[in-house]
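One structure is given here, and the rest of the page talks about it.
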Amino acid sequence: MNLVIDSGNTRIKAALFNQTDLVLKESFGNLNELKDFMNVYEFVHLLVSSVSHPAMEILNLAGNSGKKVILSHQLALPIKLNYATPHTLGVDRIAAACGAYEIFPNQNCLVIDTGTCINTEFIDATGTYHGGAISPGVNMRFKAMHTFTQSLPLLQPETSAQLTGNSTETCMQSGVLNGTLAEVNGWIEKYNRQYKNLQVILCGGDYPLFENKLKQAIFVAPDLVLTGLNRILRYHAEF
């Protein structure tokens, strides 16, 4: 059994895989909750991806497991990185790219990860990762309007927004939700013009806000990052 841990900006996610099959996933608010989980479930190999807590601190919670791996740009990967500044590349972005190529090998893939930030990742049909874009996420946009103005309220996103708002709140909802949707559709259209047979993959915590509203057919993969982490761990467990 493989255990992969994704320590993100807001939550810590853990998933158990039996080869390629996702068996169990949980989400935690702190390392003590994660440690309790690791004490309950048995696993052989472990991979840690962290953009928040020190990865070694998480790794040390595991005790004496089998292969123990920390994800970084220096780690050998099942894809190739063609990125000008790999030392600045977020490990969550690497994992998403690996997950996309695991699900759709030998295809051009565009990942749209709708988390704290909205990231796009492009992986070509040869398995080469080229980068993408980083844009403020939905909640970040609402927080920015509230923080940098004197009178705009702090809102939570609705599941949909009317095109023309008729109050401050509905105008803000339209600006954020319809504006972000137009932005994502624009990315997809531009990539489609440049690359044939493009597979668009949607993931991230805010994916329900987009999955039924994008113009092109998409593949929804809520666990794409975890799938990518497991692919990387399997790649190293084979050594």
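The values are calculated or read from the model by the stated rules, or taken from the named source; none is laboratory data. Since we're looking at a predicted model, the values are computed, not measured. No Cβ is skipped: glycine too gets one built from the backbone with ideal geometry, and neighbour counts run over all protein chains shown.
Below, the figures for the structure above:
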{"item": "Residue that is farthest from the chain's Cα centre (by Cα), among those in the stretch 79-98 that are crowded, with 17+ Cβ neighbours inside 10 Å and among the aliphatic types (A, V, I, L, M)", "result": "I79"}
{"item": "Selection within the stretch 1-23 - out of contact with any Lys or Arg (no Cβ under 8 Å at 6 or more places or on another chain), among the hydrophobic types (A, V, I, L, M, F, W, C) and either within 16 Å of L34 (Cα to Cα) or not in a strand (DSSP E or B) (or both)", "result": "M1, L3, V4, I12"}
{"item": "Residue list for the stretch 141-174, filter: assigned to a helix (DSSP H, G or I), buried (at least 16 other Cβ atoms within 10 Å of the Cβ) and within 24 Å of the chain's Cα centre (by Cα)", "result": "R141, F142, Q173"}
{"item": "Positions within the stretch 47-96 being assigned to a loop (DSSP other than H, G, I, E, B), in contact with a Gly (Cβ under 7 Å, 6 or more places away or on another chain) and either modelled with pLDDT of 90 or more or of a type outside the set (G, A, S) (or both), in sequence order", "result": "V51, I79, Y83"}
{"item": "Flag if E211 is within 19 Å of the chain's Cα centre (by Cα) and either in the same structural domain as T10 (by TED's automatic domain parsing) or at pLDDT below 95 (or both)", "result": "yes"}
{"item": "Any pair with Cβ under 6 angstrom, 6 or more apart, that starts in the stretch 142-157 at a residue that is in the same structural domain as M172 (by TED's automatic domain parsing) and ends at one that is assigned to a loop (DSSP other than H, G, I, E, B) and buried (at least 16 other Cβ atoms within 10 Å of the Cβ)", "result": "F142/L155; M145/L152; H146/L152"}
